Protein chains: 2
Amino acid sequence: MGRRPAFDRASIARATLELVSEGGPRAATIGAIAARLGAPTGSIYHRYPSRELLLAELWLSVVERFNVGFLAVLAGADAKEAGPAAARFWASWTREHPIEARVFLLHRHEDFVPGEWPDAVHERAQRALAAMADGLRAYTRRRFGGASAANLRRVRFAVIDVPQGTLKRYVQAAKPPPAQIDELIDTAVRAVLDAQERGLRRA
Amino acid sequence: MGRRPAFDRASIARATLELVSEGGPRAATIGAIAARLGAPTGSIYHRYPSRELLLAELWLSVVERFNVGFLAVLAGADAKEAGPAAARFWASWTREHPIEARVFLLHRHEDFVPGEWPDAVHERAQRALAAMADGLRAYTRRRFGGASAANLRRVRFAVIDVPQGTLKRYVQAAKPPPAQIDELIDTAVRAVLDAQERGLRRA
DNA sequence: GGCGAATTAGAATATGGGTTCTAGAACACG
DNA sequence: CGTGTTCTAGAACCCATATTCTAATTCGCC
């Protein structure tokens with residue numbers, strides 16, 4: 001009962017993803033999304049209540065998918081190896097998901113959702129944040145015995161800041177990161193995580 | 001001959017800097033800048049021909065000032081120490097210039113100047129880019145004897161990507177980075193720069 | 001085949017923000 | 001003190017974009 005839909009949520013989300021990847025969130029205007037689909041602007045609003053919510057869901061879905069893979073690696077059995085592996089995960093994820101990587105690594109959520117998160121996705125956003133925080137805390141405890149602020153900072157530095165800061169350059173240039181990058185990340189991360197133990201032993 | 005100016009370029013630039021620091025480039029609308037100065041919107045255009053050029057000059061002046069300090073440290077006499085020192089420079093600069101750091105670390109130039117640089121500042125932008133590239137190449141040669149692509153990547157990773165990726169977190173939170181951060185950066189950077197030599201010796 | 005819900009289609013509306021325009025004010029200089 | 005020039009002041013204009021509204025279309029179902 002009713003007309004067959006021509007533009008579903010998935011294709012709208014896909015077009016938005018591509019536009020953001022190519023030109024950032026500013027490029028994903030309702031008009032541009034509609035034009036890419038060959039749809040009239042009004043049709044977008046049959047699927048999404050507002051541009052803000054469309055962009056918020058896009059951002060969240062990319063972050064959630066990254067988190068799943070990343071946190072799985074970070075929870076790997078060997079605590080000594082899981083950290084470096086999680087850091088290297090950034091590079092492989094970037095190679096496998098170049099479009100999503102541009103969304104995730106080149107923009108902050110504020111560029112998508114200025115101010116507060118809309119109610120409709122607020123809880124989802126909190127969950128994503130909490131999942132990451134929990135994963136880091138769990139790994140820190142596993143690796144160092146306790147999750148002091150200093151230990152947490154060390155882990156965050158190693159498994160997030162270093163790889164993220166490094167890969168942005170290649171994602172920006174739309175080139176897959178060279179294999180050497182994985183080595184550099186690995187070297188830096190091991191040095192930082194092992195340094196804590198040397199420090200403890202010395203103390 | 002003529003009326004005494006009430007709003008000069010410096011105060012307009014300052015207001016713009018503050019607005020960008022607080023809310024990103026999007027917040028620096030002509031209206032907001034004028035409101036902060038208690039000026040009418042039209043007055044901005046007596047000093048700057050367009051918003052685009054105002055933002056472009058703001059970005060460039062911050063980058064140029066950072067570059068001067070950074071490249072001076074990177075050119076320090078002791079080649080072994082200059083790299084780690086340059087990496088740590090990011091942290092101290094961030095502590096000393098929190099406002100500018102938010103402009104420099106939280107946004108890319110595309111957020112200020114979408115597309116090509118305006119003619120009026122194009123050459124200045126090129127100069128800033130070239131200065132950084134030259135400094136990195138010179139250091140790479142000094143430290144490793146040659147500036148191969150791999151060596152250059154190693155240096156860029158150590159003295160730019162690692163510190164930049166790390167500090168963003170604290171700049172974003174508007175908190176001065178804790179002293180531990182300097183240690184983490186130092187450890188990671190030394191490990192990566194020294195690893196090249198170990199690799200060479202083995203070969 | 002006709003009814004009605006779901007949808008397309010795209011014009012109309014509203015708003016925000018950059019830029020320009022006109023009028024008036026202030027100050028240096030003769 | 002008048003005069004010209006440089007500026008303030010702020011309204012007016014214009015365009016891009018999000019959102020809404022109305023009409024037309026399609027298709028399952030009776």
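Quick check on region B:80-129: of everything there that is open to solvent by less than 50 Å² (accessible area, probe 1.4 Å) and among the β-branched types (Val, Ile, Thr), which residue is farthest from residue B:164 (Cα to Cα)?
Looking at residues that are open to solvent by less than 50 Å² (accessible area, probe 1.4 Å) and among the β-branched types (Val, Ile, Thr), I get B:121.
Output yes when any residue across region B:67-86 is part of a helix (DSSP H, G or I), closer than 20 Å to residue B:174 by Cα and more than 16 Å from DNA strand D (Cβ to nearest atom), and no when none is.
No, because not a single residue in region B:67-86 is part of a helix (DSSP H, G or I), closer than 20 Å to residue B:174 by Cα and more than 16 Å from DNA strand D (Cβ to nearest atom).
Any residue at all in region B:113-130 that is out of contact with any helix residue (DSSP H, G or I) (no Cβ under 7 Å at 6 or more places or on another chain), closer than 18 Å to residue A:180 by Cα, at pLDDT below 95 and outside any helix (DSSP H, G or I)?
No, every residue in region B:113-130 fails to be out of contact with any helix residue (DSSP H, G or I) (no Cβ under 7 Å at 6 or more places or on another chain), closer than 18 Å to residue A:180 by Cα, at pLDDT below 95 and outside any helix (DSSP H, G or I).
Does residue B:141 satisfy the condition of being within 30 Å of residue A:109 (Cβ to Cβ) and modelled with pLDDT of 95 or more?
no
Condition first: within 14 Å of residue B:160 (Cβ to Cβ), within 14 Å of chain A (Cβ to nearest Cβ), away from DNA strand C (no atom under 16 Å from the Cβ) and open to solvent by less than 20 Å² (accessible area, probe 1.4 Å). Can you find one or more residues in region B:53-74 that meet it?
Looking through region B:53-74, none of the residues is within 14 Å of residue B:160 (Cβ to Cβ), within 14 Å of chain A (Cβ to nearest Cβ), away from DNA strand C (no atom under 16 Å from the Cβ) and open to solvent by less than 20 Å² (accessible area, probe 1.4 Å).
Could you grab the pairs with beta carbons closer than 7 Å, sequence gap of 6+ or different chains, first residue in region A:142-163 and of a type in the set (Phe, Trp, Tyr) and surrounded by fewer than 20 Cβ atoms within 10 Å (Cβ to Cβ), second one modelled with pLDDT under 95 and part of a helix (DSSP H, G or I)?
A:144/A:196
Can you tell me which residue in region B:14-26 is farthest from residue B:172 (Cα to Cα), limited to those that are open to solvent by 30 Å² or more (accessible area, probe 1.4 Å) and more than 8 Å from DNA strand C (Cβ to nearest atom)? Full working, then the answer.
Filtering region B:14-26 for residues open to solvent by 30 Å² or more (accessible area, probe 1.4 Å) gives B:14, B:18, B:22-23, B:26.
Adding the requirement that they be more than 8 Å from DNA strand C (Cβ to nearest atom) leaves B:14, B:18, B:22-23.
Details: B:14: 20, B:18: 14, B:22: 10, B:23: 11 Å.
Looking at residues that are open to solvent by 30 Å² or more (accessible area, probe 1.4 Å) and more than 8 Å from DNA strand C (Cβ to nearest atom), I get B:14.
Please go through (1) more than 14 Å from chain A (Cβ to nearest Cβ); (2) within 13 Å of DNA strand D (Cβ to nearest atom) for residue B:29 and return the number of the only condition it doesn't satisfy.
Checking residue B:29 against (1) more than 14 Å from chain A (Cβ to nearest Cβ); (2) within 13 Å of DNA strand D (Cβ to nearest atom), the one that fails is (1).
Quick one: would you say residue B:9 is surrounded by 13 or more Cβ atoms within 10 Å (Cβ to Cβ), within 25 Å of residue B:168 (Cβ to Cβ) and more than 7 Å from DNA strand D (Cβ to nearest atom)?
Values: surrounded by 13 or more Cβ atoms within 10 Å (Cβ to Cβ): yes; within 25 Å of residue B:168 (Cβ to Cβ): no; more than 7 Å from DNA strand D (Cβ to nearest atom): yes.
Against the criterion (surrounded by 13 or more Cβ atoms within 10 Å (Cβ to Cβ), within 25 Å of residue B:168 (Cβ to Cβ) and more than 7 Å from DNA strand D (Cβ to nearest atom)), residue B:9 does not qualify.
Determine which single condition residue A:183 fails, assuming it passes every other condition in (1) modelled with pLDDT of 95 or more; (2) in a loop (DSSP other than H, G, I, E, B).
(2)
Quick one: is residue A:136 within 30 Å of residue A:51 (Cα to Cα), within 14 Å of chain B (Cβ to nearest Cβ) and not β-branched (Val, Ile, Thr)?
No; evaluated as a whole, the condition is false for this residue.
Give region B:157-182 a look and list any residue that's under 26 Å from residue B:133 (Cα atoms) and more than 7 Å from chain A (Cβ to nearest Cβ), or say none.
B:158, B:159, B:160, B:163, B:167, B:168, B:171, B:181, B:182
How about region A:33-51: which of its residues are surrounded by fewer than 18 Cβ atoms within 10 Å (Cβ to Cβ), more than 11 Å from DNA strand C (Cβ to nearest atom) and more than 21 Å from residue A:101 (Cβ to Cβ)?
Those that are surrounded by fewer than 18 Cβ atoms within 10 Å (Cβ to Cβ), more than 11 Å from DNA strand C (Cβ to nearest atom) and more than 21 Å from residue A:101 (Cβ to Cβ): A:49, A:50, A:51.
The values are calculated or read from the model by the stated rules, or taken from the named source; none is laboratory data. Note that the coordinates shown come from a computational prediction; the quantities given were computed from them, not determined experimentally. Here the Cβ is made from the backbone with ideal geometry for all residues, glycine too, and neighbour counts use every protein chain on show. The protein model used for the area step is the full one, side chains on, heavy atoms only, and it has no ligands, DNA or RNA in it. Shrake-Rupley method; radii C 1.70, N 1.55, O 1.52, S 1.80 Å.
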